[in-house]
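Bear in mind that the values in this text are calculations on the coordinates, not laboratory data. Note that the structure is a prediction, hence the values are computed from the model and not measured. Cβ atoms come from the backbone with ideal geometry, glycine included; neighbour counts cover every protein chain shown.
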C-alpha cells in the first residue's frame, strides 16, 4: 500500500509513499554524540528510519501534487510515486499543479522521466522566488556544480508553466505557503484549510521524527543554513503544538500523520489523527 487518504473538510488529501531508507548517525548535526542513541532508546527505535513522501491534494477542479519523490535517483529505496498515483486513480496527465517545497533531488527527481521529459506534462510548477533565485545563481555552487544539474533541468522542462511565489503566498484552493527557510533558501511548508479544518505539510523541517521533535536542535548535513533551519523547525513545532494542527512531512514515517505535544521544555510526536480528521 503506497497511499493513505484523509479528508480535510471538503478537500481530499493523499499521503503518497515514494520510498523508505535508513539514515546513519553521521547525517545529523548534534552537540552531544550520545544524544542520538539516547533518543533512539527513549523511543524504542533500533535505527534512524525515514520515508520519502509526496502528497496529492484534490479540490474538485485541481489535482495538486506537493513534491514528486526521487524518481529513479535512489534505486530501489524510492521511485514508487507512480504506483501510489495509480493506487489512488490519478494519471500523470491529470495532475494540474506541482508545488515543490524545495529543489532537493528526493523532492523533484520524480518530475523528470528517464528520457529527460516532464513526467507531468499538463502541470504547472509552483516554486518560491527565493528558491528559484538561489538555485539559478551559479555563484552559490562554485565547488558543487553537479548539485545544479537536476534543479536546472527541472526548471528548464517546466519553464513555460512556472509560477514563482512568495514564501507565505496564498496558492489558492485552500492552500497557502508556510515560510520555513534554512533547509534551503526558499524552503516552504503547505497549509491546507477547508471549512474549519486544517492540515499542515511541513516539508523537510523533520528528517527523523524520533530525534528532531524530541530535540529540535538536532540538524542535518543537508541543511544549507543549520541555524536558520533550527529556528524554522522550532517555529513550526510551536505552531503545530499551540494550534493542535495535524501534520505530515517529506520524511515522516508511515502512516505519516501525527501531532505535536509539548513536554517539559520540548516536544513529542504523537502518532495518529485528531478526532475531526477521523472517518
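Quick rundown of the values:
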item	result
Cα gyration tensor shape of segment 121-279, rounded if a/c is under 1.5, else prolate or oblate by comparing a/b with b/c	oblate
Shape category assigned to segment 65-112 from the gyration tensor of Cα positions, a/c cut at 1.5	oblate
Global geometry of segment 67-176, whether rounded, prolate or oblate, following the gyration tensor of its Cα atoms and the 1.5 cut on a/c	oblate
Added length on full extension, which subtracts the Cα-Cα distance from 0.36 nm per residue, residue 196 to residue 159	9.8 nm
Label point at residue 34 placed 7 Å out along Cα→Cβ; residues across segment 173-215 whose backbone nitrogen lies under 20 Å	211-212, 214-215
Most fluctuating residue given options 112, 239, 206, as computed from a GNM of the chain linking Cα atoms under 10 Å	239
Answer label for Rg and Dmax of the Cα atoms in Å (calculated), chosen among (1) 19.0, 60; (2) 17.6, 52; (3) 23.8, 78	(2)
Alpha carbon centroid spacing (whole Å) that separates segment 60-79 from segment 206-256	21 Å
Share, in percent, of DSSP beta bridges within the chain that are antiparallel, nearest 5	75 percent
Computed lengthening from residue 261 to residue 137, 0.36 nm per intervening residue step minus Cα-Cα distance	40.7 nm
Cα centroid separation, segment 108-163 to segment 1-40 (Å)	24 Å
Residue among 144, 72, 63 with the largest mean-square fluctuation in a Gaussian network model of the chain, springs linking Cα atoms under 10 Å	144
Pairwise FRET efficiency - residue 77 versus residue 149, Cβ, R0 = 22 Å, nearest 0.05	0.65
Choice from 197, 224, 46 with maximal GNM fluctuation in the chain (Cα, 10 Å cutoff)	46
